[in-house]
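The structure under discussion appears below in the form of structure tokens.
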Amino acid sequence: MSLNYIKNFYEGCMKPPTVIGQFHTLFFGSVRMFFLGVLGFAVYGNEALHFSCDPDKREINLFCYNQFRPITPQVFWALQLVIVLVPGAIFHLYAACKSINQECILQKPIYTVIYILSVLLRISLEVVAFWLQIHLFGFQVKPLYLCDAVSLGKKFTIIKCMVPEHFEKTIFLIAMYTFTVITIVLCVAEIFEIIFRRLCFLISQ
């Protein structure tokens, strides 16, 4: 019985009840995760090691880097991907436990409403992540960062730091913003597809 639950859960996650939902799973699960996992590591992997300030001392570099990056982009985007997956995973886990197939989701009003709510929650989480990304990283990585080092002592006030590969990071930022927007658009389109198919089902009865 437990193996059947796992099978239903896996099929529900991999094959959502809508065409757009299936495309979203493909886009989200392959393109976005591959982009983050492979290219993200290449761009941001050694950023802390190459982040240098004047004077170039290890403790100053670490202090200013922590100020420059309260959270590293890789960690933020990984958390975003995991959190955004939670609403859909919970729904499909519930559907697997109740033995709800994909046709029932679009035919029974209660399941349709619950599924739409899970998609709306996914959209909300993406919007919040989009806002946080703007607040944390902005739209452009500048080559020079001015570090407020007053707390290090009277000897230091504002320290200039060089940000490595700033242009590549700017391109990567724009790409991640674009992926978030595409995901939101796909989620909205999926809701319209659900409503349209639900209306078609009601008309055909």
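The values are calculated or read from the model by the stated rules, or taken from the named source; none is laboratory data. Quantities reported herein were computed from a predicted structural model and do not represent experimental measurements. Every residue, glycine among them, receives a Cβ derived from its backbone with ideal geometry; neighbour counts consider all protein chains shown. When the accessible area is computed, the model is the full protein with side chains, heavy atoms only, and any ligands, DNA or RNA have been set aside. Shrake-Rupley method; radii C 1.70, N 1.55, O 1.52, S 1.80 Å.
Tell me, yes or no, whether region 58-78 has at least one residue that is of a type in the set (D, E, K, R) and modelled with pLDDT under 80. Before you say what the answer is, go through the steps one by one.
Narrowing region 58-78 to residues of a type in the set (D, E, K, R): 58-59, 69.
If we keep only those that are modelled with pLDDT under 80 as well, we get none.
Scanning region 58-78 turns up no residue that is of a type in the set (D, E, K, R) and modelled with pLDDT under 80.
Scanning region 45-67 for residues that are in contact with an Asp or Glu (Cβ under 9 Å, 6 or more places away or on another chain) and among the aromatic types (Phe, Trp, Tyr) turns up just one, 65.
Determine whether residue 120 is farther than 30 Å from residue 146 by Cα, open to solvent by 70 Å² or more (accessible area, probe 1.4 Å) and touching a Pro at 6+ places or on another chain (Cβ under 9 Å). When the stated conditions are applied, residue 120 passes them. Of all residues in region 34-61, those that are closer than 30 Å to residue 155 by Cα have Cβ atoms under 9 Å from Cβ atoms of residues that are open to solvent by less than 90 Å² (accessible area, probe 1.4 Å) and of a type in the set (Gly, Ala, Ser), 6 or more apart or on another chain, in 53/149; 60/149; 61/48; 61/52.
Take the residues in region 92-106 that are assigned to a helix (DSSP H, G or I) and open to solvent by 80 Å² or more (accessible area, probe 1.4 Å), then tell me which one is modelled with the lowest pLDDT. Before you say what the answer is, go through the steps one by one.
Here is the first cut: in region 92-106, the residues assigned to a helix (DSSP H, G or I) are 92-97, 102-106.
Now drop any that are not open to solvent by 80 Å² or more (accessible area, probe 1.4 Å), which leaves 93-94, 103.
Details: 93: 77, 94: 77, 103: 72.
Here the answer is 103.
Restricting attention to region 68-95, the residues that are touching a Lys or Arg at 6+ places or on another chain (Cβ under 8 Å) and among the aliphatic types (A, V, I, L, M) add up to 2. Of all residues in region 141-188, those satisfying the criterion of being in contact with a Lys or Arg (Cβ under 7 Å, 6 or more places away or on another chain) and over 24 Å from residue 55 (Cβ atoms) are 179, 187.
Which of the residues that make up region 16-30 are in a helix (DSSP H, G or I) and in contact with a helix residue (DSSP H, G or I) (Cβ under 8 Å, 6 or more places away or on another chain)?
19, 20, 21, 23, 24, 25, 27, 28
Note on region 152-179: residues that are farther than 22 Å from residue 45 by Cβ and either modelled with pLDDT of 90 or more or open to solvent by less than 90 Å² (accessible area, probe 1.4 Å) (or both) total 5.
So how many residues does region 46-91 have that are farther than 30 Å from residue 112 by Cα and either open to solvent by 80 Å² or more (accessible area, probe 1.4 Å) or assigned to a helix (DSSP H, G or I) (or both)? Show your work before the answer.
So the first thing to find is which residues in region 46-91 are farther than 30 Å from residue 112 by Cα, and the list is 46-76.
Then keep just the ones that are either open to solvent by 80 Å² or more (accessible area, probe 1.4 Å) or assigned to a helix (DSSP H, G or I) (or both); that gives 46-50, 54, 56-68, 70, 73-76.
The number of residues fulfilling the criteria is 24.
Scan region 190-198 and give yes if some residue there is in a helix (DSSP H, G or I), among the acidic types (Asp, Glu) and either open to solvent by 80 Å² or more (accessible area, probe 1.4 Å) or modelled with pLDDT under 85 (or both), otherwise no. The answer is no, given that none of the residues of region 190-198 is in a helix (DSSP H, G or I), among the acidic types (Asp, Glu) and either open to solvent by 80 Å² or more (accessible area, probe 1.4 Å) or modelled with pLDDT under 85 (or both). Residues of region 106-125 being among the aliphatic types (A, V, I, L, M) and free of Cβ contacts under 8 Å to residues at least 60 places away in the same chain, which ones? Passing the criteria: 110, 113, 114, 117, 121, 125.
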